[in-house]
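The values are calculated or read from the model by the stated rules, or taken from the named source; none is laboratory data. Since this is a predicted model, take the numbers as computed values, not measurements. Neighbour counts are summed over all protein chains in view; Cβ atoms, including those assigned to glycine, are modelled from backbone coordinates with ideal geometry. Just so you know, the surface numbers come from the protein's heavy atoms only, side chains and all, with ligands and any DNA or RNA stripped out. Shrake-Rupley method; radii C 1.70, N 1.55, O 1.52, S 1.80 Å.
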Amino acid sequence: MSQPQTHAELKQELAATKEVEPLLPIEKKLIAGSLITGIALLVVLVVVNRLFPLNV
């Protein structure tokens, strides 16, 4: 079993053996939920900031 000597060889070996697995439905739902939650919280932050601005 030969060890790759350089970074380029290692990268090439990993690219050759890389198998892409599709996302599970629950993973897609978790990603969508996280994005929606993040965007909703940003909107809430903007609204609160407009209604109650800090007068520093």
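Quick look at the values:
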| quantity | calculated |
| --- | --- |
| Matching residues in segment 1-28 - criterion: being open to solvent by 100 Å² or more (accessible area, probe 1.4 Å), modelled with pLDDT under 80 and not basic (Lys, Arg) | MET1, SER2, GLN3, GLN5, LEU14 |
| Yes/no for ILE36 being part of a helix (DSSP H, G or I), within 21 Å of the chain's Cα centre (by Cα) and surrounded by fewer than 10 Cβ atoms within 10 Å (Cβ to Cβ) | no |
| Among residues of segment 39-56, those that are outside any helix (DSSP H, G or I) and open to solvent by 80 Å² or more (accessible area, probe 1.4 Å), counted | 4 |
| From GLU9, GLU27, residue being more than 26 Å from the chain's Cα centre (by Cα), at negative phi and in a helix (DSSP H, G or I) | GLU9 |
